[in-house]
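K.L.:
Below: one structure in structure tokens.
Read-outs: derived from the displayed coordinates by stated rules, not from any lab. The structure presented is a predicted model; accordingly, all values stated were derived computationally and were not measured. For neighbour counting, all protein chains shown are included, and Cβ atoms are generated from backbone atoms with ideal geometry for every residue, glycine included.
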């Protein structure tokens with residue numbers, strides 16, 4: 001999402017930019033924080049303590065699950081199944097509560113700091129988080145019953161807006177959209193940042209690259225994220241949560257580009273420093289694929305819109321056939337269909353053009 | 001399997017194009033005049049098939065257009081920079097090489113006012129069509145707001 | 001069979017009719033709020049040492065701090081928190097060395113009128129009280145010093161005689 005934070009960053013210090021990165025993608029604020037601090041840490045060559053890295057992995061993957069729950073649920077709602085949406089949001093709420101515990105905010109956590117995280121995991125977080133991870137498979141079972149297995153949903157998504165692997169790569173798509181087309185490119189595997197090389201997980205891939213694959217890859221990714229969180233919780237080391245960073249952050253002059261795998265694709269941050277406490281160059285959050293993903297979603301919905309129009313027309317037709325004659329007879333024998341130009345002529349009323357089809 | 005190291009790429013490119021440079025931070029600096037030819041080589045010869053980021057920075061004396069390239073499924077990342085004259089900011093468009101450049105070039109055009117030649121659809125992408133100026137230029141002034 | 005998936009979905013939703021509710025009847029029932037929650041800001045006048053750290057830490061220039069020097073001591077005369085621009089990031093709380101600015105758990109921050117959004121923490125009587133306290137302390141100190149000086153002079157006089 002573009003909010004001109006590149007310009008805002010020019011007049012703020014490095015730490016002050018963190019709250020703004022939340023708002024780049026407020027469905028996965030933790031991952032946006034991570035992408036930014038990752039770049040500044042790379043520029044300043046700060047070593048992040050292990051515990052902080054594990055905490056980052058835990059909250060980052062929770063964020064990914066939360067974001068995918070919105071993606072899948074809202075997609076189901078968009079193609080006509082509001083029930084699935086409500087079920088995914090029910091479980092997202094639990095993640096939001098966990099974020100509230102750890103950072104004090106639900107959507108805009110501003111939890112990461114340059115060199116670590118803002119605070120240690122609060123008491124009871126690990127238990128509550130592992131309880132959620134234990135519960136997640138049953139929830140995914142429910143989504144599969146409600147959304148994935150639903151024939152209407154499948155009918156409206158399978159074979160719609162097929163995106164070939166070549167086209168996806170050419171258009172610089174990344175994240176689940178790219179992987180749904182069968183391209184194995186996940187930065188957590190291809191270029192392991194942070195401590196991702198220590199976890200055992202798979203990269204789910206689609207086969208056809210249609211709307212259904214783009215949906216189902218996300219469901220599978222949630223399972224893998226849960227697997228990562230489980231391993232991170234089990235191996236959570238003790239130690240400090242913030243590296244050796246001075247209070248005034250003053251990176252050397254230079255520039256850096258760092259990328260992480262966000263829930264919607266690659267999140268790249270480009271930071272240019274002139275050696276002062278404020279970034280000179282602008283940071284560019286490359287959420288390009290997000291825009292494309294939405295665009296693809298809408299082109300996928302094209303078929304659906306046609307269907308909607310068809311059903312609307314059907315209702316109008318029925319109204320014309322059944323309701324209006326009765327109504328019309330009662331009104332004195334004249335047909336009063338307000339939606340149809342032919343009838344309004346016969347009724348002798350001039351309707352504004354916007355009512356005509 | 002990974003792609004060739006950056007210094008080897010630069011050495012090979014230097015044979016034909018003497019203006020290609022390798023900066024201290026490991027970034028390839030390309031000349032502006034035969035940029036498309038060089039980029040085409042980077043894609044076809046060295047397999048850098050994925051444009052992850054295209055952006056630009058204002059250094060007050062000149063602009064710099066930055067391309068971040070990588071190879072699908074591998075860990076390589078190449079940082080390519082091109083210096084652009086600030087008074088006449090024109091760069092060849094990369095849309096014919098990487099299709100994903102289309103919106104990113106529009107963004108750079110919108111916010112920094114760098115013109116991309118042979119771009120199929122160079123319009124403003126974020127701001128209104130009748131907006132004056134390019135906000136991410138560092139000398140851009142805007143009246144209003146809280147400050 | 002076509003429709004099997006539909007029936008499965010319906011069975012899941014039907015199952016939830018017989019399970020406890022997950023929602024909360026909000027104004028009457030409330031969810032527990034964690035300790036780190038960023039709600040309405042709270043300011044402790046006596047703790048503040050007017051070091052300006054929170055003003056510098058704020059990314060959005062929310063805090064306005066006014067000070068006055070009375071007898072070489074800084075007195076906070078104004079501490080305005082313009083909530084409408086607050087990002088609730090907690091950087092001010094983090095930077096404060098004396099825990100003077102804090103966030104409470106109160107999340108119902110809506111106001112009917114726009115000027116009411118800005119919180120003016122410092123009341124004039126607080127400032128007056130503080131000033132009087134400082135003056136009193138200064139006077140006492142001066143009196144103490146004068147007394148000591150007098151004593152010393154007396155001592156010197158006694159020694160001299």
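K.L.:
Helix C:4-15 versus the longest principal axis of chain C: what is the Cα-based angle in degrees, 0 to 90, to the nearest 10?
P.N.:
Orientation of helix C:4-15: about 50 degrees from the principal axis.
K.L.:
Could you work out [θ]222 nm for chain B from helices alone, using -39500 (n - 2.57) per DSSP H run of at least four and dividing by all its residues? Round to the nearest 500 deg cm²/dmol. Don't skip to the end; give the middle numbers.
P.N.:
Values: 3 runs with 33 residues, N = 147.
Mean residue ellipticity, 222 nm, calculated: -7000 deg cm²/dmol.
K.L.:
Using only Cα atoms and rounding to the nearest 10 degrees, what angle (0 to 90) does helix B:6-16 make with the longest principal axis of chain B?
P.N.:
Once rounded, the angle reads 90 degrees.
K.L.:
Then there is this: Using a 7 Å offset from the Cα along the Cα-to-Cβ direction at both residue C:61 and residue C:156, what is the distance between the two label points in nm, to one decimal?
P.N.:
5.5
K.L.:
For a label point 7 angstrom out from the Cα of residue A:236 toward its Cβ, which stretches of segment A:114-135 have the backbone nitrogen within less than 13 Å?
P.N.:
Correct set: A:119-133.
K.L.:
Separate question: On a 0 to 90° scale, report how tilted helix C:124-160 is relative to the longest principal axis of chain C, with both axes built from alpha carbons and the result rounded to the nearest 10.
P.N.:
30
K.L.:
Going by a ≥ b ≥ c, the root eigenvalues of the Cα gyration tensor, does chain C fall in the rounded group (a/c under 1.5), the prolate group (a/b larger than b/c) or the oblate group?
P.N.:
On the way: a/c = 4.32, a/b = 3.50, b/c = 1.24.
Since a/c reaches 1.5 and a/b is larger than b/c, the shape of chain C is classed as prolate.
K.L.:
Using the number of other C-beta atoms within 10 angstrom as an exposure proxy, rank B:103, C:16, B:142 with the fewest first. List each step's numbers first, then the result.
P.N.:
Working: B:103 19, C:16 14, B:142 9.
Placing the least packed residue first, the sequence is B:142, C:16, B:103.
K.L.:
Suppose R0 equals 51 Å. What FRET efficiency, 1/(1 + (r/R0)^6) with r the Cβ-Cβ distance, do residue A:23 and residue C:138 give to the nearest 0.05?
P.N.:
Values: r = 48 Å, r/R0 = 0.95.
Between residue A:23 and residue C:138 the formula returns 0.60.
K.L.:
A further question follows. Taking neighbour Cβ counts within 10 Å as the exposure measure, how do C:74, C:154 sort from fewest upward? List each step's numbers first, then the result.
P.N.:
Details: C:74 15, C:154 10.
Ordered by Cβ neighbours within 10 Å, fewest first: C:154, C:74.
K.L.:
In what order do A:211, C:86, C:58 fall by count of nearby beta-carbon atoms within 10 Å, going from fewest to most?
P.N.:
Working: A:211 27, C:86 21, C:58 24.
Ranked by crowding around the Cβ, least crowded first: C:86, C:58, A:211.
K.L.:
Here is a follow-up. Please find the FRET efficiency linking residue A:74 to residue B:141, where r is the Cβ-Cβ separation and R0 is fixed at 41 Å, and quote it to the nearest 0.05. Display every interim value, and only then the final one.
P.N.:
Values: r = 40 Å, r/R0 = 0.98.
The value I calculate is 0.55.
K.L.:
Now, a different point. With a ≥ b ≥ c the root eigenvalues of the C-alpha gyration tensor of chain B, is it rounded (a/c under 1.5), prolate (a/b larger than b/c) or oblate?
P.N.:
Note, shape of chain B comes out prolate.
K.L.:
Further question on the same structure: Taking the Cα centre of each part, how many Å lie between segment B:1-51 and segment A:150-187?
P.N.:
Using only Cα atoms, the two centres lie 31 Å from each other.
K.L.:
Looking only at segment B:1-29, which residues have a backbone nitrogen under 16 Å from a spot 7 Å from the Cα of residue B:45 in the C-beta direction?
P.N.:
B:3-22, B:28-29
K.L.:
A follow-up question, please. Tell me the label-point distance for the pair residue C:45, residue A:93, using the 7 Å Cα-to-Cβ offset, in nm and rounded to one decimal.
P.N.:
Here the modelled spin labels are 4.2 nm apart.
K.L.:
Does segment A:1-81 come out rounded, prolate or oblate, given a ≥ b ≥ c as the square roots of the eigenvalues of its C-alpha gyration tensor, rounded meaning a/c under 1.5 and, failing that, prolate meaning a/b above b/c?
P.N.:
oblate
K.L.:
Next question, about the same structure. Need one number: nm distance between label points at residue B:88 and residue B:36, each 7 Å from Cα along Cα→Cβ, rounded to one decimal.
P.N.:
1.8
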